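**Q** Got a structure for you, questions after.
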């Protein structure tokens, strides 16, 4: 008796969609979930008896990419994110939900405690979310860097609540720097102000010699503007688009455009008023990267060789700088074949730090400033400072290519940044445990 079953007798109250685990869609929609609902025939025949038929099951596939588009990404900050879990503790949405085998048709099951670095408080959060409770906790936790090469310490506030009509629970995760965000307001429309609009002019390729090389984060600023990894092409498309539309156009995301132009303006002033008047002194490049999506490098030739991700929200050095209140040193990443040794040393060592400002007692971190240091100049200073001319023992001999002492500087991940030995210079960026397994 199909119609005598509890789900049918309960009527509308029992009509809860059943959702599958996350899996990779066969039609190349990426990660999807499927919602299903049984369909019953509740009509009566001529005698007044109810039909005993289940017509079937209806379902719908929901792409996780479509869900992500409905969520506010850029108001959460580079290190803020959201996630959802099912009643088994498996994540539905999470930045670390990345299938290793993109062709597998098996369900993608990743427990919340495996998606992050586990601690006791996260175990409690997981249990509370599974039970369908509301809650909030601030946690001191370990954070894996975006490039998976470092572990940082940080503070995160977890806030969670059940999702109505489902058995999922949704949570947001915010660092202290993401409690508030900047929302620029530009009074004049771009098309009206363009002749005197210096902020816009500063990102035009014709001005790179004087204002520094500019990378614009490939975001969906307007409908019809497709994000591209080709910065020059994307920049040209962006400028061409705002020649025809104002940021208040219903086809554009006003806040994204206004923040981008605000950042373009103050980063341009850094170059024209300060950097252009400073001597290199062992510095290959000066750069600034912003929350609004501008990365400006001076001089232009250094920008042409820039390899970091132009999307600041996905640039590891940018996210790590926000996580730490000290300078972050980043060596050129060398692949496992260790090819291109000379070019890796010539590209310099990146040193960066977050810019912290206070507005009405509210702390904001709208940008990261940094330099790229010339390896040879740093090596000369390093060997001079590390050597003790008053000490005559071999243990003090940290001069260049010393036969008695190998001196090295490692970053907080154990990767080589500097040495007094020429033979090590070509291995800058390599994990020191591989260079010297002893």
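**Q** When you go through (1) crowded, with 18+ Cβ neighbours inside 10 Å; (2) modelled with pLDDT under 90 one by one for residue 216, which number turns out not to apply?
**A** The number of the failed condition is (2).
**Q** Scan segment 95-116 and give yes if some residue there is crowded, with 16+ Cβ neighbours inside 10 Å, assigned to a strand (DSSP E or B) and either modelled with pLDDT under 90 or outside the structural domain of residue 260 (by the TED database) (or both), otherwise no.
**A** No, because not a single residue in segment 95-116 is crowded, with 16+ Cβ neighbours inside 10 Å, assigned to a strand (DSSP E or B) and either modelled with pLDDT under 90 or outside the structural domain of residue 260 (by the TED database) (or both).
**Q** Looking at 72, 38, 99, which is the one that is on the phi < 0 side of the Ramachandran plot and without any contact (Cβ under 8 Å) to a residue 24 or more places away in the chain?
**A** Result: 72 is the single residue among 72, 38, 99 that is on the phi < 0 side of the Ramachandran plot and without any contact (Cβ under 8 Å) to a residue 24 or more places away in the chain.
To keep it simple, each residue is scored yes or no on (1) outside any helix (DSSP H, G or I); (2) at pLDDT below 90.
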residue	(1), (2)
164	yes, yes
167	yes, yes
200	no, yes
203	yes, yes
210	no, no
232	no, yes
246	yes, yes
249	yes, yes
259	no, no
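**Q** I'd like to check which helices (runs of 4 or more DSSP H) are fully inside segment 295-355 and have at least 2 residues that are over 27 Å from residue 207 (Cα atoms) and at pLDDT 90 or above.
**A** The helices (runs of 4 or more DSSP H) meeting that bar are 316-323.
**Q** Are any residues in segment 407-438 in a loop (DSSP other than H, G, I, E, B), modelled with pLDDT under 90 and exposed (fewer than 15 other Cβ atoms within 10 Å of the Cβ), and if so, which ones?
**A** Of everything in segment 407-438, those that are in a loop (DSSP other than H, G, I, E, B), modelled with pLDDT under 90 and exposed (fewer than 15 other Cβ atoms within 10 Å of the Cβ) turn out to be 436, 437, 438.
**Q** What single numbered condition from (1) surrounded by fewer than 16 Cβ atoms within 10 Å (Cβ to Cβ); (2) not in a strand (DSSP E or B) fails to hold for residue 142?
**A** (2)
**Q** Can you tell me which residues in segment 10-57 are modelled with pLDDT under 75 and surrounded by 10 or more Cβ atoms within 10 Å (Cβ to Cβ)?
**A** Within segment 10-57, 10, 14, 15, 16, 50, 51, 52 meet the criteria.
**Q** To continue, here is another question. Just wondering, is there one or more residues in segment 259-281 that are in the same structural domain as residue 234 (by the TED database), within 24 Å of residue 77 (Cα to Cα), touching a helix residue (DSSP H, G or I) at 6+ places or on another chain (Cβ under 8 Å) and surrounded by fewer than 20 Cβ atoms within 10 Å (Cβ to Cβ)?
**A** Yes; the residues of segment 259-281 include at least one that is in the same structural domain as residue 234 (by the TED database), within 24 Å of residue 77 (Cα to Cα), touching a helix residue (DSSP H, G or I) at 6+ places or on another chain (Cβ under 8 Å) and surrounded by fewer than 20 Cβ atoms within 10 Å (Cβ to Cβ).
**Q** State yes or no: is residue 149 outside any strand (DSSP E or B) and surrounded by 16 or more Cβ atoms within 10 Å (Cβ to Cβ)?
**A** In short, yes.
**Q** List pairs: first residue in segment 246-271 and free of Cβ contacts under 8 Å to residues at least 60 places away in the same chain, second residue surrounded by fewer than 20 Cβ atoms within 10 Å (Cβ to Cβ) and part of a helix (DSSP H, G or I) anywhere in the structure, Cβ distance under 6 angstrom, at least six positions apart or on different chains.
**A** So the pair list comes out as 246/191; 248/254.
**Q** If the requirement is being over 23 Å from residue 326 (Cβ atoms) and either in contact with a strand residue (DSSP E or B) (Cβ under 9 Å, 6 or more places away or on another chain) or crowded, with 16+ Cβ neighbours inside 10 Å (or both), which of these qualifies: 131, 120?
**A** 131
The values are calculated or read from the model by the stated rules, or taken from the named source; none is laboratory data. Bear in mind that the values here come from a model prediction, so they are computed numbers and not experimental data. Glycine gets a Cβ as well: all are built from the backbone with ideal geometry, and neighbour counts include every protein chain shown.
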